[in-house]
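The values are calculated or read from the model by the stated rules, or taken from the named source; none is laboratory data. On a predicted model such as this, the values are computed, not experimentally measured, just so you know. Here the Cβ is made from the backbone with ideal geometry for all residues, glycine too, and neighbour counts use every protein chain on show. Ligands, DNA and RNA are excluded from the accessible area calculation, which covers all protein heavy atoms including side chains. Shrake-Rupley method; radii C 1.70, N 1.55, O 1.52, S 1.80 Å.
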Amino acid sequence: MAEPRYKAVVDRLAAEIRSGALPAGARLPTHRDLATREGFALVTATRVYSELRAMGLISGETGRGTFVKETALAPGQGVDLDAVAADMVDLSFNYPSLPGQAELLRGALRQLAGAGDLEALLRYQPHGGRPADRAAIARHLRRRGLEVEGDRVLVVDGAQHGLAVTLMALLEPGDVVAVDALTYPGFRLVAGMQRLELAPVPAAGAGPDLDALETLCRRRRVKAIYTMPTLNNPLGWVMAATRRRELVALARRHDLLIIEDGAYAYLADHPPPPLAMLAPERTVYVSGFSKSVAAGLRVGFAVAPTERVHALERAIRATTWNTPGVMTAITTGWLEDGTVARLEAHKREDARRRQRLVAERLGTMKRITHPSSYFVWLPLGEAVRADQVAMALQRERVSVSTAEPFATTPQAPHAIRLALGSVDLVRLAAALDRVRAAIEARTF
(Lines give C-alpha, C1' and ligand atoms only; values in the text may rest on other atoms or scores of the structure.)
Protein backbone atom coordinates (compact mmCIF):
# COMPACT_ATOMS: atom_id res chain seq x y z
CA MET A 1 0.00 0.00 0.00
CA ALA A 2 1.43 3.38 -1.03
CA GLU A 3 2.30 5.85 1.72
CA PRO A 4 0.15 9.00 1.95
CA ARG A 5 1.60 11.79 -0.16
CA TYR A 6 2.12 14.05 2.84
CA LYS A 7 4.69 11.54 4.15
CA ALA A 8 6.92 12.39 1.20
CA VAL A 9 6.72 16.07 2.19
CA VAL A 10 7.65 15.16 5.77
CA ASP A 11 10.63 13.14 4.55
CA ARG A 12 11.79 15.88 2.18
CA LEU A 13 11.63 18.63 4.81
CA ALA A 14 13.32 16.39 7.39
CA ALA A 15 16.16 15.67 4.97
CA GLU A 16 16.58 19.37 4.18
CA ILE A 17 16.75 20.22 7.90
CA ARG A 18 19.24 17.45 8.70
CA SER A 19 21.46 18.34 5.75
CA GLY A 20 21.51 22.03 6.66
CA ALA A 21 19.71 23.11 3.49
CA LEU A 22 17.11 24.49 5.91
CA PRO A 23 19.35 25.97 8.63
CA ALA A 24 18.56 26.26 12.34
CA GLY A 25 16.33 29.25 12.98
CA ALA A 26 14.87 29.31 9.46
CA ARG A 27 11.20 30.30 9.41
CA LEU A 28 9.01 27.76 7.62
CA PRO A 29 5.88 28.61 5.59
CA THR A 30 2.62 29.05 7.47
CA HIS A 31 0.33 26.03 7.57
CA ARG A 32 -1.87 27.65 4.96
CA ASP A 33 1.04 28.55 2.68
CA LEU A 34 2.43 25.01 2.93
CA ALA A 35 -0.98 23.58 2.05
CA THR A 36 -1.24 25.87 -0.99
CA ARG A 37 2.30 25.12 -2.14
CA GLU A 38 1.93 21.34 -1.84
CA GLY A 39 -1.67 21.21 -3.08
CA PHE A 40 -3.29 19.52 -0.09
CA ALA A 41 -5.74 20.43 2.70
CA LEU A 42 -4.87 22.70 5.65
CA VAL A 43 -5.35 19.81 8.07
CA THR A 44 -2.76 17.82 6.12
CA ALA A 45 -0.25 20.67 6.37
CA THR A 46 -0.84 20.67 10.12
CA ARG A 47 -0.12 16.93 10.17
CA VAL A 48 3.19 17.52 8.33
CA TYR A 49 4.34 20.00 10.94
CA SER A 50 3.09 17.79 13.80
CA GLU A 51 5.29 14.93 12.58
CA LEU A 52 8.32 17.17 12.16
CA ARG A 53 7.75 18.53 15.67
CA ALA A 54 7.51 15.01 17.07
CA MET A 55 10.85 14.26 15.40
CA GLY A 56 12.38 17.20 17.26
CA LEU A 57 13.17 19.11 14.07
CA ILE A 58 10.92 22.16 14.35
CA SER A 59 9.14 24.27 16.96
CA GLY A 60 5.99 26.33 16.63
CA GLU A 61 5.76 29.62 18.50
CA THR A 62 2.48 31.44 18.99
CA GLY A 63 2.47 34.74 17.15
CA ARG A 64 5.89 34.13 15.58
CA GLY A 65 5.56 31.11 13.31
CA THR A 66 7.26 27.74 12.81
CA PHE A 67 11.06 27.49 12.95
CA VAL A 68 13.77 24.92 12.34
CA LYS A 69 15.34 23.79 15.61
CA GLU A 70 19.04 23.46 16.30
CA THR A 71 19.48 19.72 15.75
CA ALA A 72 23.14 19.59 16.81
CA LEU A 73 22.08 19.93 20.45
CA ALA A 74 21.96 16.72 22.47
CA PRO A 75 18.40 15.32 22.45
CA GLY A 76 16.52 15.62 25.71
CA GLN A 77 18.94 18.15 27.13
CA GLY A 78 18.30 18.44 30.85
CA VAL A 79 16.95 14.87 31.18
CA ASP A 80 19.64 12.53 29.92
CA LEU A 81 23.01 12.76 31.62
CA ASP A 82 25.45 12.34 28.76
CA ALA A 83 29.20 12.24 29.16
CA VAL A 84 30.62 15.77 29.15
CA ALA A 85 34.03 16.34 27.61
CA ALA A 86 36.80 17.28 30.02
CA ASP A 87 37.09 20.74 28.50
CA MET A 88 33.32 21.38 28.68
CA VAL A 89 31.96 23.51 31.53
CA ASP A 90 28.80 21.72 32.64
CA LEU A 91 26.02 24.16 33.55
CA SER A 92 23.28 21.68 32.62
CA PHE A 93 23.31 19.43 35.71
CA ASN A 94 23.79 20.03 39.42
CA TYR A 95 25.95 17.72 41.46
CA PRO A 96 27.27 20.12 44.12
CA SER A 97 30.28 18.90 46.08
CA LEU A 98 32.44 20.46 48.77
CA PRO A 99 36.16 20.03 49.48
CA GLY A 100 36.84 17.24 51.96
CA GLN A 101 33.82 15.06 51.17
CA ALA A 102 36.02 12.22 49.93
CA GLU A 103 37.79 12.17 53.31
CA LEU A 104 34.42 12.03 55.04
CA LEU A 105 33.60 8.93 53.04
CA ARG A 106 36.93 7.29 53.89
CA GLY A 107 36.30 7.90 57.57
CA ALA A 108 32.74 6.59 57.36
CA LEU A 109 33.90 3.41 55.62
CA ARG A 110 36.55 2.80 58.29
CA GLN A 111 33.98 3.34 61.02
CA LEU A 112 31.50 1.05 59.30
CA ALA A 113 34.14 -1.65 58.91
CA GLY A 114 34.47 -1.82 62.67
CA ALA A 115 30.74 -1.88 63.36
CA GLY A 116 29.21 -4.97 64.91
CA ASP A 117 26.34 -5.26 62.41
CA LEU A 118 28.45 -5.22 59.23
CA GLU A 119 27.38 -8.77 58.36
CA ALA A 120 23.73 -7.71 58.50
CA LEU A 121 24.32 -5.03 55.87
CA LEU A 122 25.28 -7.70 53.33
CA ARG A 123 21.89 -9.43 53.60
CA TYR A 124 18.56 -8.37 52.14
CA GLN A 125 17.04 -5.43 54.00
CA PRO A 126 13.32 -4.85 54.69
CA HIS A 127 11.67 -3.37 51.58
CA GLY A 128 11.07 0.01 53.22
CA GLY A 129 14.41 0.09 55.03
CA ARG A 130 15.60 -0.99 58.47
CA PRO A 131 13.57 0.48 61.36
CA ALA A 132 16.64 2.24 62.80
CA ASP A 133 17.39 3.93 59.45
CA ARG A 134 13.77 5.00 59.02
CA ALA A 135 13.75 6.44 62.52
CA ALA A 136 16.98 8.37 61.85
CA ILE A 137 15.46 9.95 58.74
CA ALA A 138 12.29 10.79 60.69
CA ARG A 139 14.38 12.63 63.32
CA HIS A 140 16.12 14.54 60.52
CA LEU A 141 12.77 15.54 59.04
CA ARG A 142 11.43 16.69 62.39
CA ARG A 143 14.37 19.10 62.59
CA ARG A 144 13.27 20.36 59.15
CA GLY A 145 9.70 21.04 60.29
CA LEU A 146 8.04 17.79 59.22
CA GLU A 147 6.70 15.87 62.23
CA VAL A 148 6.68 12.22 61.25
CA GLU A 149 7.36 8.83 62.79
CA GLY A 150 9.69 6.25 61.27
CA ASP A 151 6.89 3.86 60.29
CA ARG A 152 5.74 6.37 57.64
CA VAL A 153 9.24 6.75 56.17
CA LEU A 154 10.44 4.50 53.35
CA VAL A 155 14.08 4.38 52.25
CA VAL A 156 14.54 4.53 48.46
CA ASP A 157 17.40 4.70 45.95
CA GLY A 158 17.40 8.48 45.68
CA ALA A 159 14.56 10.94 45.16
CA GLN A 160 14.06 9.91 41.52
CA HIS A 161 13.36 6.35 42.64
CA GLY A 162 11.01 7.76 45.27
CA LEU A 163 9.01 9.57 42.58
CA ALA A 164 8.95 6.43 40.42
CA VAL A 165 7.63 4.11 43.14
CA THR A 166 5.05 6.72 44.19
CA LEU A 167 3.62 6.88 40.68
CA MET A 168 3.80 3.10 40.25
CA ALA A 169 2.06 2.42 43.54
CA LEU A 170 -0.60 5.11 43.70
CA LEU A 171 -1.59 6.05 40.12
CA GLU A 172 -2.84 4.22 37.03
CA PRO A 173 -1.95 4.74 33.34
CA GLY A 174 -4.15 7.48 31.92
CA ASP A 175 -4.55 9.31 35.24
CA VAL A 176 -4.32 13.10 35.02
CA VAL A 177 -1.63 14.77 37.14
CA ALA A 178 -1.50 18.55 37.52
CA VAL A 179 2.03 19.95 37.24
CA ASP A 180 3.66 23.34 36.96
CA ALA A 181 4.01 24.56 33.39
CA LEU A 182 7.76 24.47 34.04
CA THR A 183 8.79 21.54 36.20
CA TYR A 184 11.52 19.02 37.01
CA PRO A 185 12.37 16.99 33.87
CA GLY A 186 12.90 13.78 35.84
CA PHE A 187 9.25 13.81 36.88
CA ARG A 188 8.18 14.31 33.28
CA LEU A 189 10.30 11.32 32.32
CA VAL A 190 8.90 8.88 34.89
CA ALA A 191 5.32 10.12 34.37
CA GLY A 192 5.68 9.46 30.65
CA MET A 193 6.94 5.94 31.28
CA GLN A 194 3.91 5.36 33.55
CA ARG A 195 1.67 6.73 30.77
CA LEU A 196 0.22 9.48 32.94
CA GLU A 197 -1.29 12.60 31.42
CA LEU A 198 0.37 15.78 32.65
CA ALA A 199 -1.88 18.85 32.79
CA PRO A 200 0.15 22.09 33.01
CA VAL A 201 -0.77 24.81 35.51
CA PRO A 202 0.63 28.30 34.82
CA ALA A 203 2.66 30.14 37.42
CA ALA A 204 1.30 33.13 39.32
CA GLY A 205 4.19 34.74 41.16
CA ALA A 206 5.85 32.39 43.63
CA GLY A 207 3.71 29.34 42.98
CA PRO A 208 1.08 27.80 40.75
CA ASP A 209 -2.03 29.74 39.72
CA LEU A 210 -4.59 28.19 42.07
CA ASP A 211 -7.54 29.66 40.14
CA ALA A 212 -6.27 27.89 37.02
CA LEU A 213 -5.81 24.69 39.03
CA GLU A 214 -9.36 24.97 40.39
CA THR A 215 -10.70 25.38 36.85
CA LEU A 216 -8.69 22.38 35.69
CA CYS A 217 -10.05 20.20 38.52
CA ARG A 218 -13.63 21.18 37.70
CA ARG A 219 -13.12 20.40 34.02
CA ARG A 220 -11.05 17.21 34.32
CA ARG A 221 -10.83 14.27 36.72
CA VAL A 222 -7.43 15.19 38.15
CA LYS A 223 -6.00 12.50 40.43
CA ALA A 224 -2.86 14.17 41.78
CA ILE A 225 -0.70 17.27 41.78
CA TYR A 226 3.11 17.24 41.66
CA THR A 227 4.75 20.31 43.15
CA MET A 228 8.03 21.66 44.53
CA PRO A 229 6.82 24.33 46.99
CA THR A 230 10.24 24.96 48.51
CA LEU A 231 12.95 25.86 45.96
CA ASN A 232 11.05 25.03 42.80
CA ASN A 233 13.18 23.64 39.99
CA PRO A 234 13.72 25.52 37.65
CA LEU A 235 12.24 28.84 38.86
CA GLY A 236 13.47 28.83 42.47
CA TRP A 237 10.30 30.03 44.15
CA VAL A 238 9.37 29.32 47.77
CA MET A 239 5.60 29.14 48.06
CA ALA A 240 4.16 31.33 50.83
CA ALA A 241 2.41 29.74 53.82
CA THR A 242 -0.95 31.22 52.80
CA ARG A 243 -0.79 29.73 49.31
CA ARG A 244 0.24 26.36 50.75
CA ARG A 245 -2.87 26.32 52.93
CA GLU A 246 -5.01 27.30 49.92
CA LEU A 247 -3.44 24.51 47.83
CA VAL A 248 -4.15 21.97 50.58
CA ALA A 249 -7.78 23.13 50.82
CA LEU A 250 -8.13 22.76 47.05
CA ALA A 251 -6.61 19.27 47.17
CA ARG A 252 -9.11 18.26 49.83
CA ARG A 253 -12.05 19.65 47.86
CA HIS A 254 -11.09 17.66 44.79
CA ASP A 255 -9.58 14.63 46.58
CA LEU A 256 -6.12 15.09 45.04
CA LEU A 257 -3.03 13.14 45.99
CA ILE A 258 -0.21 15.64 46.62
CA ILE A 259 3.28 14.58 45.54
CA GLU A 260 5.68 17.02 47.21
CA ASP A 261 9.26 17.11 45.94
CA GLY A 262 11.72 18.46 48.50
CA ALA A 263 14.97 17.78 46.66
CA TYR A 264 16.25 21.35 47.02
CA ALA A 265 14.30 22.35 50.14
CA TYR A 266 17.45 22.16 52.28
CA LEU A 267 18.76 25.30 50.57
CA ALA A 268 15.96 27.55 51.87
CA ASP A 269 16.38 29.16 55.30
CA HIS A 270 13.27 28.77 57.50
CA PRO A 271 10.69 27.99 54.79
CA PRO A 272 6.99 27.55 55.64
CA PRO A 273 5.88 24.07 56.76
CA PRO A 274 5.90 21.38 54.05
CA LEU A 275 2.58 20.42 52.48
CA ALA A 276 3.09 16.99 54.07
CA MET A 277 2.80 18.70 57.46
CA LEU A 278 -0.39 20.53 56.46
CA ALA A 279 -2.06 17.55 54.76
CA PRO A 280 -0.37 14.35 56.00
CA GLU A 281 -3.40 12.25 55.03
CA ARG A 282 -2.94 12.89 51.27
CA THR A 283 0.70 13.90 50.73
CA VAL A 284 3.70 11.83 49.72
CA TYR A 285 6.87 13.79 50.48
CA VAL A 286 9.90 12.73 48.42
CA SER A 287 13.50 13.84 48.81
CA GLY A 288 17.01 12.48 49.25
CA PHE A 289 20.63 13.21 49.99
CA SER A 290 22.07 13.39 46.45
CA LYS A 291 21.98 17.20 46.40
CA SER A 292 22.61 17.94 50.07
CA VAL A 293 25.37 15.33 50.60
CA ALA A 294 26.64 13.58 47.45
CA ALA A 295 25.12 12.41 44.18
CA GLY A 296 26.82 9.02 44.41
CA LEU A 297 25.06 8.03 47.65
CA ARG A 298 21.71 7.39 45.91
CA VAL A 299 19.86 7.31 49.23
CA GLY A 300 16.47 8.96 49.42
CA PHE A 301 13.18 8.67 51.22
CA ALA A 302 9.45 8.92 50.76
CA VAL A 303 7.07 9.88 53.58
CA ALA A 304 3.59 8.51 52.95
CA PRO A 305 0.22 8.42 54.70
CA THR A 306 0.01 5.30 56.87
CA GLU A 307 -2.53 3.59 54.62
CA ARG A 308 -0.28 4.12 51.56
CA VAL A 309 2.95 2.73 53.04
CA HIS A 310 2.30 -0.89 52.08
CA ALA A 311 1.63 0.02 48.43
CA LEU A 312 4.94 1.89 48.24
CA GLU A 313 6.77 -1.00 49.88
CA ARG A 314 5.45 -3.32 47.17
CA ALA A 315 6.67 -0.91 44.47
CA ILE A 316 10.12 -0.80 46.09
CA ARG A 317 10.15 -4.60 46.13
CA ALA A 318 9.18 -4.68 42.44
CA THR A 319 11.93 -2.27 41.40
CA THR A 320 14.95 -2.88 43.67
CA TRP A 321 13.73 -5.30 46.38
CA ASN A 322 15.48 -3.10 48.93
CA THR A 323 17.91 -0.20 49.09
CA PRO A 324 21.65 -0.85 49.62
CA GLY A 325 22.30 -1.36 53.32
CA VAL A 326 25.90 -0.07 53.24
CA MET A 327 25.10 3.30 51.64
CA THR A 328 22.05 3.76 53.84
CA ALA A 329 24.07 3.02 56.98
CA ILE A 330 26.68 5.63 55.99
CA THR A 331 23.97 8.21 55.34
CA THR A 332 22.06 7.65 58.57
CA GLY A 333 25.34 7.70 60.49
CA TRP A 334 26.03 11.13 59.04
CA LEU A 335 22.50 12.20 59.98
CA GLU A 336 23.05 11.18 63.58
CA ASP A 337 26.50 12.74 64.04
CA GLY A 338 25.56 16.09 62.47
CA THR A 339 27.57 15.69 59.25
CA VAL A 340 24.51 16.14 57.02
CA ALA A 341 23.46 19.31 58.87
CA ARG A 342 26.97 20.76 58.48
CA LEU A 343 27.12 19.91 54.77
CA GLU A 344 23.71 21.47 54.17
CA ALA A 345 24.77 24.69 55.93
CA HIS A 346 28.00 24.83 53.89
CA LYS A 347 26.10 24.26 50.65
CA ARG A 348 23.59 27.00 51.45
CA GLU A 349 26.49 29.42 51.81
CA ASP A 350 28.17 28.03 48.68
CA ALA A 351 24.96 28.53 46.68
CA ARG A 352 24.63 32.10 47.94
CA ARG A 353 28.24 32.77 46.89
CA ARG A 354 27.48 31.46 43.40
CA GLN A 355 24.32 33.57 43.13
CA ARG A 356 26.35 36.66 44.02
CA LEU A 357 28.74 35.71 41.23
CA VAL A 358 25.76 35.43 38.83
CA ALA A 359 24.62 38.92 39.81
CA GLU A 360 28.13 40.28 39.27
CA ARG A 361 28.71 38.63 35.87
CA LEU A 362 25.23 38.88 34.35
CA GLY A 363 24.52 42.37 35.64
CA THR A 364 21.07 43.68 34.70
CA MET A 365 20.24 40.70 32.49
CA LYS A 366 16.75 39.45 33.35
CA ARG A 367 16.83 36.35 35.53
CA ILE A 368 14.55 34.38 37.84
CA THR A 369 16.15 32.67 40.81
CA HIS A 370 16.43 32.39 44.59
CA PRO A 371 19.38 33.86 46.54
CA SER A 372 20.45 30.44 47.87
CA SER A 373 19.61 28.14 44.97
CA TYR A 374 21.99 26.26 42.70
CA PHE A 375 20.26 27.31 39.48
CA VAL A 376 19.10 30.40 37.60
CA TRP A 377 16.47 30.84 34.88
CA LEU A 378 17.21 33.27 32.06
CA PRO A 379 14.15 34.29 29.98
CA LEU A 380 15.24 35.42 26.54
CA GLY A 381 13.95 38.32 24.50
CA GLU A 382 11.42 37.99 21.69
CA ALA A 383 14.12 37.88 19.03
CA VAL A 384 16.43 35.40 20.80
CA ARG A 385 16.09 31.66 20.20
CA ALA A 386 17.14 29.38 23.07
CA ASP A 387 18.41 26.55 20.87
CA GLN A 388 20.73 28.90 18.99
CA VAL A 389 22.10 30.33 22.25
CA ALA A 390 22.66 26.81 23.60
CA MET A 391 24.42 25.75 20.41
CA ALA A 392 26.64 28.84 20.42
CA LEU A 393 27.61 28.10 24.02
CA GLN A 394 28.29 24.48 23.15
CA ARG A 395 30.83 25.70 20.60
CA GLU A 396 32.31 27.81 23.40
CA ARG A 397 32.59 24.61 25.50
CA VAL A 398 29.74 25.51 27.88
CA SER A 399 26.79 23.12 28.29
CA VAL A 400 23.42 24.61 29.31
CA SER A 401 19.78 23.50 29.24
CA THR A 402 17.03 25.13 27.25
CA ALA A 403 13.46 25.34 28.58
CA GLU A 404 12.30 22.39 26.51
CA PRO A 405 13.03 19.60 29.03
CA PHE A 406 11.21 21.56 31.77
CA ALA A 407 8.11 22.58 29.79
CA THR A 408 4.85 20.65 30.13
CA THR A 409 3.06 22.98 27.70
CA PRO A 410 3.00 22.27 23.94
CA GLN A 411 5.34 25.20 23.32
CA ALA A 412 8.40 25.78 25.47
CA PRO A 413 9.37 29.38 26.22
CA HIS A 414 12.69 30.65 24.97
CA ALA A 415 14.84 30.52 28.09
CA ILE A 416 18.09 29.07 29.40
CA ARG A 417 18.52 27.28 32.72
CA LEU A 418 21.95 27.39 34.32
CA ALA A 419 23.01 24.83 36.93
CA LEU A 420 25.61 26.49 39.13
CA GLY A 421 26.80 23.74 41.42
CA SER A 422 29.01 21.47 39.33
CA VAL A 423 32.10 23.57 38.59
CA ASP A 424 34.55 25.62 40.64
CA LEU A 425 34.05 29.36 41.02
CA VAL A 426 36.82 30.36 38.61
CA ARG A 427 35.41 28.25 35.76
CA LEU A 428 31.88 29.34 36.65
CA ALA A 429 32.80 33.02 36.37
CA ALA A 430 34.35 32.50 32.93
CA ALA A 431 31.35 30.46 31.78
CA LEU A 432 28.90 33.15 32.94
CA ASP A 433 30.81 35.69 30.88
CA ARG A 434 30.36 33.46 27.82
CA VAL A 435 26.64 33.06 28.57
CA ARG A 436 26.18 36.80 28.73
CA ALA A 437 28.12 37.34 25.51
CA ALA A 438 26.17 34.63 23.66
CA ILE A 439 22.82 36.14 24.64
CA GLU A 440 23.83 39.74 23.98
CA ALA A 441 25.18 38.80 20.54
CA ARG A 442 21.70 37.61 19.58
CA THR A 443 19.70 40.44 21.14
CA PHE A 444 18.54 43.00 18.63
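Over the chain, DSSP H runs of length four or greater, each weighted -39,500 (n - 2.57), average out per residue to a 222 nm ellipticity of -13000 deg cm²/dmol. What is region 191-232 by shape, rounded, prolate or oblate, if you read a ≥ b ≥ c off the alpha carbon gyration tensor as root eigenvalues and call it rounded for a/c under 1.5, prolate for a/b larger than b/c, and oblate otherwise? Taking the square roots of the gyration eigenvalues as a ≥ b ≥ c, region 191-232 is oblate. If you sort the three axes of the alpha carbon gyration tensor as a ≥ b ≥ c, you get a/c of 1.5 or more for region 112-175 and a/b no higher than b/c, which makes it oblate. Springs join every pair of Cα atoms under 10 Å in this Gaussian network model of the chain, and among LEU109, LEU213, LEU357 the largest mean-square fluctuation is at LEU109. Solvent-accessible surface of protein heavy atoms, probed at 1.4 angstrom with all chains present, puts GLU149, GLU260, GLU38 in the order GLU149, GLU38, GLU260, largest first. The smallest convex shape that holds all Cα atoms of region 175-264, its convex hull, gives 81 Å³ per residue.
Spatial offset of region 355-420 relative to region 205-235 amounts to 23 Å, using the alpha carbon center of each.
In this Cβ point-charge picture (+1 for Lys and Arg, -1 for Asp and Glu), region 88-131 has a dipole of about 120 debye about its Cα centre.
Over all other residues within a Cβ to Cβ distance under 14 Å of VAL248, the charged ones net out to +1, with Lys and Arg as +1 and Asp and Glu as -1. The residues LYS366, LYS7, sorted by heavy-atom accessible surface at 1.4 Å with ligands and nucleic acids left out, run LYS366, LYS7 from largest to smallest.
Sorted from longest to shortest, the spans of the Cα atoms of the chain along the three principal axes equal 77, 50, 47 Å. Exposure check, 1.4 Å probe, all protein chains in place: GLU382 carries approximately 140 Å² of accessible surface. Heavy-atom accessible area, probed at 1.4 angstrom with all protein chains present, ranks GLU313, GLU360, GLU440 as GLU360, GLU440, GLU313, highest first. The heavy atoms of TYR184 offer some 60 square angstrom of accessible surface to a 1.4 angstrom probe. Only protein heavy atoms count here; under a 1.4 Å probe, VAL238 has an accessible surface of about 40 Å².
Classify region 87-194 as rounded, prolate or oblate, taking a ≥ b ≥ c as the square roots of the eigenvalues of its Cα gyration tensor: rounded when a/c is under 1.5, otherwise prolate if a/b is larger than b/c and oblate if not. Oblate shape, in that a/c is at least 1.5 and b/c is the bigger or equal ratio. The peptide list 95-105, 123-133, put in order of mean Cβ contacts within 10 Å with the highest first, becomes 123-133, 95-105.
Using the Cβ of LEU257 as centre and a radius below 13 Å, the other residues enclosed give a net charge of -1, where K and R count +1 and D and E count -1.
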